Each structure stands twice: as C-alpha cells, then as structure tokens.
Amino acid sequence: MTTVAGVRPRGRVAARGWPRPRIKTLDVIATLWLILLLAFALIPMLWMLSTSLKGQFAALAQPPEWIPSHPTLDQYQTLLSPTGTVGPVFLRYFLNSMIVSLTTTALGVLIAIPAAYAFSRFQFPGRDVLFFAVLVRNMFPVVVFLIPLFILMRALHLVNTHWSLILTYMTFGLPLSIWLLKGFYDNIPEELERAARIDGASRFKAFWLIIMPLSSPGIIATAIYAFIGAWNEYVYALTFLNSESLLTLPVGLQHFFTEFATNWPGLMAAAFIMSVPVVVMFMLLQKQFVQALTEGAVKA
Amino acid sequence: MAAVVLDDVVKAFGDVVAVDHVSFTIEDGEFIALVGPSGCGKTTTLNMVAGLIELTSGTITIGGVVVNDLDPKDRDIAMVFQNYALYPSKSVGENLAFPLQMRKVPRAEIEARVKRAAEMLSITQLLNRRPRQLSGGQQQRVALGRALVRDPKAFLMDEPLSNLDAMLRVQMRTEIKRLHQELSTTVIYVTHDQMEAMTMADRIAVMSGGVVQQLGTPNEIYDQPANMFVAGFIGSPTMNFLRGQVGTDGGRTVVHGEGWELPLTDTNSVRARASATGEVILGARHNTMTVLPESAEAGVPARIYTVEPTGDLTYVHLWLGTQQLVASAPGTFRGAANQPIRLEFDQARLYLFDATTERAL
C-alpha cells in the first residue's frame, strides 16, 4: 500500500512530462500572487476594523497606529444601542437596507427561476430575441438609466418609496440571474423531468421535487448576487429617496457622517457592520456559489 | 397490463415528418421491439405513447382508453431511459419509492414493494447509496427497479442497454427477457441494435424514415423481409446485395451484372420476371453461399479479397465481378488474397428485390 501510494504521484508527474522543480517554481509564483491578491483585498478591511476600534484622536495620529493601543468598542455600542441619538437612526438604515435587499432578492429569484426554466426548456416564438433582450439592460452603464427610471418612478408615484429601489435593483440583477440559472437548467438532463412525469408527477411537481433541489446551488448564487448588488447600491438610493427614515445604509451613512464632524472610527465601525451580512453569507454559501459559477461556465 | 394501439399516428416537427402514419397493435403482455437506425422515428413513437410528445394526428389507446390528451402521469405506464434518469439527489431506495409516493401508496406498502423490486434485481444492498456512487450496470438495475415497483399497464424502454459495455449488455438482455416472462406486462422496447430486438422481442417493428417497414416475429422478419431495408438491417454481417439485369442464356433465366452471371432456378426465374423493369437486386446472407475450390463444377467464378477468421466461422470477403460480397466458411477454411474460387448460391434462400421499388419479389 505505502509503496503504491508513494509511487503514484511520481508516475503522474512523469506521465505529464513536467519536471519536478518547475512545478515548485510555479507553486511559488502562484502562492505569491495569491498573497498579493489577498493583501489587496484584506488590508483595507483590516484597516477599517482597526480604525473602528480606536478613539477619535488615535484615528488621526501620525504615524498611524496599525494596531490600536487602547482598543474600544465604544463606536459599536453607540451604533447598535437602540436608545440614544445615533443608534436608532443607524439601526433604521440597517433595517431599510435589509428590507430593500431581501425583497429584491426574493422577488428576483422568484421571477428568475421560472423565466430561466422557460428559456431552457420551452420552444416559443421570439424566444431567442427575448433572451437577448434580457441582456440589453446590462449593456449600458447604470447611470444612463438614472433619469429615465426616475421619471418612470415619478409617473408610478413610487419616488421616495422602497419599491422604487426594489424595482430598479431587480432590473440590474435579473438578467444575470436568468442567464446563470438557464445555464444550470440546460445542464440538467430533460430525462429527469420526463421520468418524474411518468412516475406520476405533474409538470410543476417534477420541477419542484426533482429539478429545484438540483439547481439550488444556482439559485443560491443568483440570490447572493442580487443581494450584494442591492445592499451596496448608492446612486439610485441617493436619487430616489429623500425621507430620512427611508434611507438605506450606503446613503444613510454618508448623510449621517457629513452632517456632523467626520467621525472616522464611527464611520469605520458602521462600514464594518455593513459588510458583516455579505461576508457571513459568502462564508456560509461559498461552496454552492463557486459550483454555480463553474457549472454555468462549462455549459457556456 | 393492457394492449397498446397506435392508429394512424403522425408526428411532424415543422416540415419534418418524424413519424408517418404509423398503425399497429401491441397485444396485452406482448414484448415488442421498435428497431431502426437513428432518426427513424422509433424514440418519437415511444415518447408519444409515454405522453412526452404530443401527436400531430392519429390516436393512441392504452388498455381501451384513448390517451392522446392524458398527461404522462395519468397514463399508468413506466419508462426506462437510455441515461437511466435516476434522481441524483435521492438515494436508490428513494428513487424506487418515488413513483409510489406520487401515487399516494401507503407507507408500509411502499416499503414492501421497494424491497420486493430490490430483491428481484439484486440491489438490496444498494438502497442507501446515491446514484452517482453506482456503476453503470447498477444504475441500470435501479432504473429497471423504479419501473417495476409499480404495476403499470406497460413498460416503455428507450435503448436501456446501449450505455452498458458489451458483456453486461448481453447479461441484462437475458434478465430483462426473464423479467418480462415473470411479469408478463406489455413492453415496448426501442433499440437500434437488431440483435437485441431479435433476441428479446415477441414481435419486431422495423422502422425507417418514420414508417414501419415491417412488423412481425423475429423469424418472419429474418426469413421473409418485406423489402431491401429490412433485409439489410436485420442480420449480421449484413445481407449481400447484387444489382443485375434479368436475361436469358441458352433458354435459362439468368441475372447478370458487371463481370458475373448467375443462372436462376425455375422458382426464382418466375420471381425475377415479376420485376417491371427487368432489373433486380439479389440478396444473399453470408451463410447461404458456399465457397468452393476453383476446380469445382458448381457455382460462379469469384476471387478472394480477404479472409477474416473468427474461430467458429471464417468470413470470406470476395469479388464477384466488380461487386464485393461476404460469405462465411467453416473455421478450418484457408485462402489467400486474390485466390480464384467458385461461389455457390443456395437458391432456395436467395432473396429477390425489385430494383426500383426495393420490395421483395
């Protein structure tokens, strides 16, 4: 056993024709590159976390304190306490963001699933044109639609409501969701549904009991995408909302902290709290997310 | 259990007619094979019986009920697919139970029936596994099991063995046939493999171009092919075809082609004369021709192209004039390339086809 296990990797390396040292060089380069990318992504996050734990003066100290000498959770307490002046407002923004993002995600997924399934399974007149049209929205910069959508929302009497944002965010997220999910459904053999229908399931039941569980990684991925898009969006939220009580986190934070003197640790603490839902979601669902993206890629 | 009747069934996809006025009856408990090359309409026909594809026109009756507008779930049939179509997210046991759950069978009975089907197919030890953990042969058994946990009116099988390796295929062929003998449920079996059709089916429908070319027992199909297509499709190696003109030579009727001439017996002469154009196609299976030494009296002169020993039989590829033929000889046969020989036809087993209509004469 040990001999076999010991021999095998060498055999594989030899079969591929890769001399051993070269693999090592490649490994080193790859590792360095990954460290670089990681640093690029992590250092701002860590800096944000570090600043959020400092006092007002320590935050502006020169040279900067990389690790706070007197770490404090004051800012978090202020932001998260439901009493006081700052806490309730911040929590309101947080709640608004949650409402808008979760509704956008839920509605988006609900629409994307049947749409993607139909594009994947049914032949109907105008199918290809429609499928292409779905993408047109994503061919223009987001800002181009700002004024038209504002006029549209005004006509619908939706300006200064959360619905204006939910509808808008869905127009960003849906095309990608539909494309991603269609790739998923394309990969699921049609025989599975046929078998289920012969086994006694209705078309809907066959979809619900057999196809849905198989496409759950895709659905999760599209949900994450939609959620993040809605959670982070700034320009539309700034334009469509003006009641203080309706603001979402990105706009809210900006209003909030420019009105008073710039409170860097407070701002950083708020930003950190804001990133928590997204990071947690990614960590929990990372596996499904990667599977979804790569499966879509194989089909395309 | 029920008879399945197809009456003037047509399926067109746009301008393409996939199934062209097909009518036949599958008796209760009968095992029928639909066989033909890919694109001949056999799978489309099966899918219409299953209710997965709508008919363009015609009617399909299962057990006396017209099922044209019934959903697959309401037709009370079971189907085995070429790629098995096992539900990947369910265990083997759950796969087997699914058709029963869908029909709201009580839990205790589901367990009993799953157990019985699993025992029948010797997959009891696999019930807790996932389909992806099974070998192809095991997946095939599970797919069969899922079909036979219920007591459907008919089993539909769409090339169920073609994803298996050759040895397993022969083994499963026997098992499916035995299962049919035990259950005596109507079976419609689609295959492109004429050998499967011949060995398993009570009757065979040979399809080509969306049309049933011939429907009959394996022996009828083999011995009395209705036309050149059936003659060429059934049997291996393929039947040899020789195109030639009907003529006379010294009072005898002969057929002559490029570089060869074959005198016909009286019976065959009458058949050859029935050709409207005077042109016929002769059909001879490999085992109805005898390779004789050059010095022999009987037969017509030919020349060896190559020799393929297979142990029991040796296939001798020959030139008859400009036509290449395959004849079989005993395993002891020896011959060299270009060696002249004589080839004798067993005229009682010679087929004649009209050169224009390709129908048997």
* **Partner aspartates and glutamates for residue A:287 [C-alpha distance under 17 Å; skip if fewer than 8 residues away on the same chain]** => A:295
* Asked: Any idea what Rg and Dmax come out to for segment A:117-227 if you just take the C-alpha atoms, in Å?
  -> 17.4, 53
* Computed over the Cα atoms of the protein assembly as shown, what is the ratio Rg over Rh, Rh following Kirkwood? -> 1.15
* First check a/c for chain A, with a ≥ b ≥ c the square roots of the eigenvalues of its C-alpha gyration tensor; if it is under 1.5, answer rounded, and if not, answer prolate when a/b is larger than b/c or oblate otherwise. => oblate
* Out of A:198, A:228, A:147, any idea which swings most in a Gaussian network model of chain A, alpha carbons joined below 10 Å? -> A:198
* Structure fact -> So for R0 = 45 Å, FRET eff. of residue A:216-residue B:211 from the Cβ-Cβ r, to 0.05, ends up at 0.50
* Dipole axis of chain A (+1 Lys, Arg; -1 Asp, Glu on Cβ), positive-most option in A:56, A:33, A:277 -> A:33
* Structure fact -> Here FRET efficiency (C-beta to C-beta, residue A:245 to residue A:154, R₀ 25 Å, nearest 0.05) is 0.80
* Rounded FRET efficiency, nearest 0.05, which uses the C-beta distance separating residue B:336 from residue B:258 and R0 of 22 Å -> 0.35
* Asked: Taking Cα pairs under 8 Å and at least six residues apart, what relative contact order does chain B come out at, in percent?
  -> 16
* When the helices in chain B are scored as -39500 (n - 2.57) per DSSP H run of 4 or longer and the sum is shared across all residues, what 222 nm value do you end up with, to the nearest 500 deg cm²/dmol? -> -7500 deg cm²/dmol
* Asked: Could you give the nm distance between label points at residue A:28 and residue B:359, where each point is 7 Å from its Cα heading toward the beta carbon?
  -> 8.4
* Take every Cα pair under 8 Å in chain A that's 6+ residues apart, average their separations, divide by the length, and report that relative contact order as a whole percent. => 27
* **Ranked A:231, A:33, criterion: other C-beta atoms within 10 Å, fewest first** => A:33, A:231
* What shape does segment B:1-157 have by the C-alpha gyration tensor, where a ≥ b ≥ c are the square roots of the eigenvalues, rounded means a/c under 1.5, and otherwise prolate means a/b greater than b/c and oblate the rest? -> prolate
* **Prolate/oblate/rounded call for chain B, Cα gyration tensor, a/c under 1.5 rounded** => prolate
* **Gained length - residue B:13 relative to residue B:267, 0.36 nm times residue gap less alpha-carbon distance** => 86.9 nm
* Asked: In nm, what is the difference between 0.36 nm times the number of residues separating residue A:146 and residue A:80 and their Cα-Cα distance?
  -> 20.5 nm
* **Most mobile of B:167, B:228, B:79 in a GNM of chain B (Cα contacts under 10 Å)** => B:167
* Could you line up B:27, B:54 from fewest to most neighbouring Cβ atoms inside 10 Å? => B:54, B:27
* Once you treat every alpha carbon in segment B:160-283 as an equal point and sum by Debye, what is log10 I(q)/I(0) at q = 0.11 Å⁻¹? -> -0.54
* What ranking do A:274, B:195, B:157 get, fewest neighbouring Cβ atoms within 10 angstrom at the top? -> B:195, A:274, B:157
* Quick one: go through segment B:330-361 and flag any residue whose amide nitrogen is under 18 Å from the point 7 Å out along the Cα-to-Cβ line of residue B:294. => B:334-344
* Considering only DSSP states other than H, G, I, E and B, which trypsin sites (Lys or Arg not before Pro) in segment B:313-360 qualify as loop sites with at most 10 other Cβ atoms within 10 Å? -> B:334
* Asked: Under unit Cβ charges (Lys, Arg +1; Asp, Glu -1), what dipole magnitude, rounded to 20 debye, does segment B:39-82 have relative to its Cα centre?
  -> 180
* For segment A:134-188, which semi-axes, largest first and in whole Å, follow from the square roots of 5 times the eigenvalues of its Cα gyration tensor? -> 27, 13, 7
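Readers should treat all values here as calculations from the given coordinates under stated rules, not as data from a laboratory. Treat the numbers as computed from the prediction; the structure is a model and nothing was measured. Cβ coordinates were reconstructed from backbone atoms using ideal geometry, including for glycine residues, and neighbour counts include every protein chain displayed.
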